[in-house]
Amino acid sequence: MFASSSRLLTKSLSSRTAKSLDANIASLPPIRYHIFQNPLPYPTGLNLQNKIIDRRLASREGRPDAGRQDVLLLLEHTPTYTTGRRDHSPNPDTLHPEEKKVQHVGAGFYITKRGGQVTYHGPGQLVGYPIFDLNALETSTRCYVSYLQSLLADYIREDLRCKGIIAPHPDGHVGVFASSTEKVASIGIHLRHRITSHGFAINITPEPLKWFDLVLACGLDDVRAACLHDLVERNASSSGVMPTNLPSVPGVARALVSRFERVFGRECVELSAAEGGNEVEELREMVGWAEEEARTLNEAAGGWARAPDLSRSVM
């Protein structure tokens, strides 16, 4: 629905208003994107998002035309469980019930400000952090979430030609589902002064699935995690045509950049190749810092767990 149009919220608007919105979007700079080479520890990714938003807000002080640079960060995390603002433990001195289950399996656990409940991030899963100004886009929070949801679902349906994709769930749950009991992509966002952070996660390989099995993901006790590899192979089996290649995290990241261009009606320019003055240069420095910190932390930790250590888990 959204991927076939470059307009935001213009379908039900008058022609005059639609032209005004198109002109507003056309006046915005390109979306700068960066695809990270190595998995980021979760705090590194969170700090980077906060630094970018802090810088945008600071640049606006006294200059309403500044701080206009939207950013799309695409990455993997090292093994991490997070929960959202709806799911905080009532007692800050007590472990979250889901954290107790995974306390010793080899993954971190963080309470965040995003929407949603407990989920997992790790290698084999693409995470997207769009840092967009919804005021500049003149769109509501609900519509923004719908754009992300449709963008991901349409990629799976159209690029991968997978059938039976559901978005949202028949019971109203946000995300992208391979069936009523299988979830392949999650969405959870946070807004600060109408600037978005956090975003979406889509499972590419089977690697994340065994980590998801340890928790009640998204609070849905009758839904399990699925991945693109399984969906593509299932679709190929039913059609009798086996795929020559399965999706990869870098490949899906590049494909979603194109989807963002189509849905939001704006060019996406790789941050390393982008011109744009001081604001873009500062973005490069912050992203470079995050890349280097991730490399240093991962080396110091000796890498990351490839599978959960179940010898001490509490189920």
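The values are calculated or read from the model by the stated rules, or taken from the named source; none is laboratory data. The model shown is predicted, which means the values in this text are computed figures rather than measured ones. FYI the Cβ positions are ideal-geometry reconstructions off the backbone, even for glycines, and counts take in every protein chain you see.
Points worth noting:
- Looking only at residues in the range 120-167 that are among the hydrophobic types (A, V, I, L, M, F, W, C) and assigned to a strand (DSSP E or B), the one that is nearest to S197 (Cα to Cα) is I131.
- Extreme residue, farthest from L72 (Cα to Cα), among residues of the range 272-311 that are in a loop (DSSP other than H, G, I, E, B) and hydrophobic (A, V, I, L, M, F, W, C): L310
- Some residue of the range 182-196 being among the hydroxyl-bearing types (S, T, Y), outside any loop (DSSP other than H, G, I, E, B), touching a residue at least 40 places away in the same chain (Cβ under 8 Å) and more than 24 Å from P243 (Cβ to Cβ): yes
Quick grid of which residues meet (1) among the β-branched types (V, I, T); (2) within 27 Å of Y33 (Cβ to Cβ):
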| position | (1), (2) |
| --- | --- |
| E207 | no, yes |
| D221 | no, no |
| L228 | no, yes |
| L231 | no, yes |
| T244 | yes, no |
| C268 | no, yes |
| E293 | no, yes |
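- Of all residues making up the range 286-302, the number that are loosely packed, with under 11 Cβ neighbours inside 10 Å and within 18 Å of G45 (Cα to Cα): 2
- The set of residues from the range 268-285 being over 17 Å from G128 (Cα atoms) and in contact (Cβ under 8 Å) with a residue 40 or more places away in the chain comprises S272, A274, G276, E279, V280, E282.
- When residues of the range 225-265 are limited to those that are in contact with a helix residue (DSSP H, G or I) (Cβ under 7 Å, 6 or more places away or on another chain), at pLDDT below 95 and not aliphatic (A, V, I, L, M), the one nearest to F177 (Cα to Cα): P243
- Within the range 141-154, the presence of at least one residue that is in contact (Cβ under 8 Å) with a residue 60 or more places away in the chain, closer than 26 Å to Q49 by Cα and in contact with a strand residue (DSSP E or B) (Cβ under 7 Å, 6 or more places away or on another chain) is confirmed.
- Hits in the range 191-216 - residues which are under 30 Å from L137 (Cβ atoms) and either aliphatic (A, V, I, L, M) or surrounded by fewer than 16 Cβ atoms within 10 Å (Cβ to Cβ) (or both): L191, R192, H193, R194, I195, A201, I202, I204
- Hits in the range 249-281 - residues which are buried (at least 16 other Cβ atoms within 10 Å of the Cβ), within 14 Å of R55 (Cβ to Cβ) and among the charged types (D, E, K, R): E279
- Just one of the listed residues (V263, V249) is in contact (Cβ under 8 Å) with a residue 40 or more places away in the chain, within 25 Å of P41 (Cα to Cα) and under 21 Å from the mean Cα position of the chain (by Cα), namely V249.
- Of all residues in the range 197-219, those being touching a residue at least 60 places away in the same chain (Cβ under 8 Å) and over 16 Å from L152 (Cβ atoms) number 12.
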